[in-house]
Amino acid sequence: GAPRVHDDGGAPLALALSISHGADWAVAVASDEARVGVDIERVEPRAPSFAREAFADGELDRWADALGSAVDDPRVVTVAWCAKEALLKIDGSGLRAPLPAIVPDALELDGGAPGELVRGRLRAPPIGECRLALAVDEARAMVILWSATCGRCTAR
């Protein structure tokens, strides 16, 4: 389950928290205004069977177009996986959900060079509209998602 934050008396705080670790890094994101999801992973080639199991038809194509890369570029697959995990964290289902169940149907990045922080937006039913920030280089990818507009995405 998602991490929870409590005050000194043990009462839960209305604070959304998401954590991830990978590629020799750890990251935490918290918000008192939005549901948040974060994932960080090492960029490395993955077997074609991973993509078939993890992504819906056309999902990697959308990411490749947005990133201006080939669909089989390990950076594309890693960013798409990070976004998938972040969406599943916002949804509250985590990896218990069928992986192709939550898929961005709209994706827009505001540009940026490899290694720089790139901002953008995505929409993924049933979650709704989310803002995103991502960074990717040859070694690692990180995606942070948050939404303050969707009823399912408000802090609890």
Restricted to the range 109-123 and to residues being open to solvent by less than 100 Å² (accessible area, probe 1.4 Å) and either modelled with pLDDT of 95 or more or assigned to a strand (DSSP E or B) (or both), the residue farthest from residue 79 (Cα to Cα) is 123
Report, by residue number, each residue of the range 25-47 that is out of contact with any strand residue (DSSP E or B) (no Cβ under 8 Å at 6 or more places or on another chain) and over 20 Å from residue 95 (Cβ atoms).
33, 45
Note down all Cβ pairs under 6 Å where the first residue falls in the range 47-59 and is touching a residue at least 40 places away in the same chain (Cβ under 8 Å), the second is open to solvent by less than 60 Å² (accessible area, probe 1.4 Å) and assigned to a helix (DSSP H, G or I), and they're at least six residues apart or on different chains.
54/99; 56/100
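The values are calculated or read from the model by the stated rules, or taken from the named source; none is laboratory data. The model shown is predicted, which means the values in this text are computed figures rather than measured ones. No Cβ is skipped: glycine too gets one built from the backbone with ideal geometry, and neighbour counts run over all protein chains shown. Just the protein is used for accessible areas: all its heavy atoms, side chains included, with ligands, DNA and RNA removed. Shrake-Rupley method; radii C 1.70, N 1.55, O 1.52, S 1.80 Å.
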